[in-house]
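Undergrad: Can you read through this structure? Questions will come right after.
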Amino acid sequence: MKAHDVNVIREAMEFQLGRSQHPDEFPVLPQVPAARYFDPGFAALEKEHIWLKTWLMVGHESEFPDTGSYRLIDKLDHSVIISRGKDGQLRAFHNSCRHRASALLMEPQGKTQRFTCPYHAWGYGLDGDLIVVPDAHDFPCLNKSEMGLVPVRCEIWRGLVYLNFDNDAESLADFMAPMAAQTTGFPLEKLVVKNRYLIEADCNWKVAFDNFLEIYHVRFCHPQSLAPYLNSQSFVVSLFENGHSRFATRKQQTDTLFAYTGLTVSDQADQTFNEYTIALPTFPNSFYALDSAGFNYLTFWPLAPGKVLMEGTLFGWPDDSEEDKAYWATMRTAVEGILAEDMYLFGGIQKSMQNGVIPKLVMGYQERALYWYQEEIDRRIGAERIPEALRITPVLAGQEQR
Ligand code: FES
Ligand SMILES: [Fe+2]
């Protein structure tokens, strides 16, 4: 991070540490309709205007080391192949045969020179072109050049791979522009995936996402695991365009949040990242906190209005040693342990909203990042499409920083 940005954080942190009142100039957040967390109509609006139109982080370049390396991404009722072409480019296609719609690939990852449909063996090149049709003479009107795999937009930001189902969406670089300065000095491109895990929970995706967007609960929910390493009072929130935000928190005791796993700090990242935890909630569904030892990148996916799939990707530095493997096994246990401390509350939250007992959620100043992404949801859906009882009142415009 640039010296100027670090100074801005320091100054904001001094203000937070010395604060015992709600900042005068900051808007008081209106209450949030609980129905946003369970109404099927609202979930459908989110699907149409958020999930199928926004850049979504699904992996890292390093997971596609060779020509023909591929991964399947099964999310949001879609199955998408991401693979590396002969020209070195990553491309994404719907995992759907143009003949009679069979899935082409079944294995979640692998390597291939051609995508061959298991049903009638139509074959597609790594660039998506249809190249083989058995008994082609029985399809006299078929124009192969028009029958390539259906592409999905796939772009890379700092080594992270994103998909977007909307052909008209802005570029990933534009979408992520506010986050570029926040990661300067942290070589995300050099990361590798150490581990990946999936967890389902009985709550709306926003209940789970909300949990990561404030530090208010850390003292109470994670008194042993997380609280001793973070100075909660130093919590600085910056709101950015496109619904993104950044948190900076002062570390205490050690340079890495994962000291208790035995992980040592790498010198790959700037010293700033040892002093502060820089967390980057990224619209619509990503949360990660940069840590020099490596970190857990979480994404949250709706399975139903009351069901979420959480995917955790553990990112670290290239190292094939046995020690490194042991570190990451311990890290995964540690991360899942912390997550369990949060997760056992999720079902109760969902129930109290869904049964009507709590029709509105109260959000305080420390919870402003929660409100910020909810405002972005309404901006992207278009307030006029949202029933009035489910809308939130935008109050944070003008509070974002550059
Ligand atoms: S469905 Fe793929 S070849 Fe028939
Ligand atoms: Fe938590």
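Here, each number is a calculation from the coordinates, and none is a lab measurement. Predicted, not measured: the structure shown is a model, and the values here were computed from it. No Cβ is skipped: glycine too gets one built from the backbone with ideal geometry, and neighbour counts run over all protein chains shown.
Undergrad: P(r) of the range 177-233 in 10 Å steps, Cα pairs, percent per bin?
TA: 16, 25, 48, 10
Undergrad: Let me ask something else. If you build a Gaussian network model of the chain, linking Cα atoms that sit under 10 Å apart, which residue out of Thr313, Thr299, Thr67 swings the most?
TA: Thr67
Undergrad: Each residue of the range 309-321 in order: what ³J(HN,Hα) in whole Hz does its phi give by Karplus 6.51 cos²θ - 1.76 cosθ + 1.60, θ = phi - 60°, with x for Gly and Pro?
TA: Ordered by residue, 3J(HN,Hα) equals 10, 9, 10, x, 10, 8, 9, x, 9, x, 5, 9, 5 Hz.
Undergrad: Going by average Cβ density within 10 Å per residue, which order do the peptides 7-15, 286-294 take, highest to lowest? Intermediate values should be presented prior to the final figure.
TA: Working: 7-15: 14.9, 286-294: 23.1.
Top of the packing list down: 286-294, 7-15.
Undergrad: Please report the net charge: other residues with Cβ closer than 12 Å to the Cβ of Leu105, K and R +1, D and E -1.
TA: Details: positive: Arg71, Lys111, Arg114; negative: Asp74, Glu107.
Once all neighbours under 12 Å are counted, the net charge is +1.
Undergrad: Where does each of Cys154, Cys141 land when they are ranked from fewest to most other beta-carbon atoms within 10 angstrom? Present the calculation step by step, with values, prior to reporting the outcome.
TA: On the way: Cys154 22, Cys141 4.
Going from least to most buried by this count: Cys141, Cys154.
Undergrad: Please list the non-local residues whose amide H lies under 5 Å from the amide H of Tyr70, H modeled 1.01 Å from N, same-chain partners needing a gap of 5 or more.
TA: Gly110, Lys111, Thr112
Undergrad: Calculate one ³J(HN,Hα) per residue across the range 152-163 by plugging θ = phi - 60° into the Karplus curve 6.51 cos²θ - 1.76 cosθ + 1.60, and present them in order as whole Hz with x for glycine and proline.
TA: Rounded to whole hertz, the list is 10, 5, 9, 9, 10, 10, 6, x, 8, 9, 10, 10.
Undergrad: Separate question: Using a simple spin-label model with points 7 Å from Cα along the Cα→Cβ vector, what separation in nm is obtained for His137 and Val150?
TA: 3.2
Undergrad: When each pair of different Cα atoms in the range 102-204 is counted once in the 1/r mean, what is the Kirkwood radius in angstroms, to one decimal?
TA: Numbers: mean 1/r = 0.0564 Å⁻¹.
Hydrodynamic radius (Kirkwood, Cα only) of the range 102-204 equals 17.7 Å.
Undergrad: In the chain, if the dipole is taken from +1 on Lys/Arg beta carbons and -1 on Asp/Glu beta carbons about the Cα centre, which of Gly337, Leu280, Cys203 is farthest to the positive end?
TA: Cys203
Undergrad: Moving on to the next point. Can you give the relative contact order of the range 56-157 as a percent, counting alpha carbon pairs under 8 Å and 6+ residues apart? The partial results should precede the final answer.
TA: Working: 186 pairs, mean separation 24.1, N = 102.
Once normalised by length, the contact order is 24 percent.
Undergrad: Largest first and in whole Å, give the semi-axes of the chain's equivalent ellipsoid, each being the square root of 5 times a Cα gyration tensor eigenvalue.
TA: Value: 38, 27, 19 Å, ordered largest first.
Undergrad: Residue by residue through the range 110-117, which ³J(HN,Hα) values in whole Hz follow from phi under the Karplus form 6.51 cos²θ - 1.76 cosθ + 1.60 (θ = phi - 60°), with glycine and proline marked x?
TA: Result, ordered by residue: x, 8, 8, 9, 7, 9, 10, 5 Hz.
Undergrad: To one decimal place, what Kirkwood hydrodynamic radius in Å is obtained for the range 56-157 from all pairs of distinct Cα atoms?
TA: Working: mean 1/r = 0.0717 Å⁻¹.
Every distinct Cα pair counted, the radius reaches 13.9 Å.
Undergrad: Please grab the % of Cα pairs in the range 223-372 that end up more than 21 Å from each other. Kindly include the intermediate steps, with their values, before the conclusion.
TA: On the way: 5854 of 11175 pairs.
Result for the distance tail: 52 percent.
Undergrad: With every atom except the alpha carbons ignored, what do you get for Rg and Dmax of the range 8-94, in angstroms?
TA: 21.8, 59
Undergrad: Moving on. Net charge near Phe283: determine it from the other residues with C-beta under 11 Å of the C-beta of Phe283, scoring Lys and Arg +1 and Asp and Glu -1. Walk me through the numbers on the way to the answer.
TA: Details: positive: Arg379, Arg380; negative: Glu241, Glu375, Glu376.
Summing Lys/Arg as +1 and Asp/Glu as -1 gives -1.
Undergrad: Right, something else. So, with +1 on the Cβ of K and R and -1 on the Cβ of D and E, and no other charges, what is the size of the charge dipole of the chain about its Cα centre, to the nearest 20 debye?
TA: Working: 37 positive and 52 negative charges, 92 e Å.
Computed about the Cα centre, the dipole is about 440 debye.
Undergrad: Oh, and also: Quick check on packing: order 17-28, 318-329 by the mean number of other C-beta atoms within 10 Å, highest mean leading. Intermediate values should be presented prior to the final figure.
TA: Working: 17-28: 9.2, 318-329: 12.8.
For the peptides 17-28, 318-329, the packing ranking is 318-329, 17-28.
Undergrad: Under the definition of Cα pairs under 8 Å and six or more residues apart, what whole-number percent is the relative contact order of the chain? Working shown, then result.
TA: Numbers: 721 pairs, mean separation 86.1, N = 402.
Reported as a whole number, the value is 21 percent.
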